[in-house]
């Protein structure tokens, strides 16, 4: 074990992830955003807009069928409205409404800032919007005329001599692919796993400054987007020096741990189930009145051996007989409370 630092370094300026420049218009921010909440709200809004269109189309169809020999709509217009209504009701309303609700709620339920593949979800949203645009833009040219499901033989040239079937296939395919990509991002989120070492040092809130005062800041992108995706259960975020960003990308793990201790002047405590570890009360007596940095591992894998060797002191949380383990959020809260008293 390395010795505790006896003196504190002089105060250094800290950097924040926020910017003071002019922000883009709201619609540009929405268009560029890969945030699951923004994508979900766009999907849900589009679904309710499609509900209005589907209801209007259905109303026109029912008016035509309300009395025999009605001439409110001619045969071609009726077929076109029926074809577009089927895609609108199912692919533009029902599916995006369900997927949008799940896409909004699930990451929040597991405590994550974002999903595993946010750009996949963003691409899926734009495919969905583009497919819907292609469908309704066809009203200016040649919309589909083969009914809700353009199945053979009605989709063959003998019954549909124009390219309306191609429009239906293209638009429905793009919408379906977009929703599938969003669903893949949602399902893949359950398998995301935080990195073993680099992500333990501030990238997703697993460094907690206790004696120095907990600071609320932005430490995202310290070691890249994969560390950010593993932020489930993160409890605190602290502001990190700009130098740590470079070190985190070039030499993760032990090098970053040593730099955290040297630059921030804190005693590094690693929470681990290790026979060399002392309990929280003993650790509190040993590091009394010192500035601390608490390092926690991922749930299940824990900290790697080289990180344990780099730590100043190994600490464990005493467990009652019926308790097997704590998640990262609970462990960090207990450790911060016990060591900060």
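Read-outs: derived from the displayed coordinates by stated rules, not from any lab. Treat the numbers as computed from the prediction; the structure is a model and nothing was measured. Cβ: placed from backbone, ideal geometry, glycine included. Neighbour counts: every protein chain shown.
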Query raised in the report: Which distance in Å, rounded to a whole number, links the C-alpha centroids of segment 135-168 and segment 53-84?
Result: 16
Query raised in the report: To the nearest 0.05, how large is the calculated FRET efficiency for residue 41 and residue 148 if R₀ is 25 Å and r is the Cβ-Cβ distance?
Result: 0.30
Report summary line: Exposure proxy check on 175, 76: fewest-to-most Cβ neighbours within 10 Å is 76, 175
Query raised in the report: Would you list 288, 80, 119, 113 from fewest to most Cβ contacts within 10 Å?
Result: 288, 119, 113, 80
Report summary line: Taking a ≥ b ≥ c as the square roots of the eigenvalues of the Cα gyration tensor, with a/c under 1.5 meaning rounded and otherwise prolate when a/b exceeds b/c and oblate if not, segment 71-130 is prolate
Requested in this report: Could you work out the Rg to Rh ratio of segment 26-191, with Rh taken as the Kirkwood radius (inverse of the mean 1/r over all Cα pairs)?
Outcome: 1.06
Requested in this report: State whether segment 278-321 is rounded, prolate or oblate according to the following rule on the C-alpha gyration tensor (a ≥ b ≥ c being the square roots of its eigenvalues): a/c under 1.5 gives rounded; otherwise a/b larger than b/c gives prolate, and the remaining case gives oblate.
Outcome: oblate
Report task. Extending each Cα 7 Å along its Cβ direction at residue 24 and residue 94, get the distance between those two points in nm, one decimal. Result -> 3.5
Report summary line: Going from the fewest other Cβ atoms within 10 Å to the most, one would list 37, 32 as 32, 37
Query raised in the report: If R0 is 30 Å, what FRET efficiency do you get for residue 140 and residue 110 from their C-beta distance, rounded to 0.05?
Result: 0.10
Query raised in the report: What FRET efficiency comes out for the pair residue 169/residue 275, r = Cβ-Cβ distance, R0 = 51 Å, nearest 0.05?
Result: 0.20
Query raised in the report: Measuring from label point to label point, each 7 Å out along Cα→Cβ, what is the residue 126 to residue 102 span in nm?
Result: 2.5
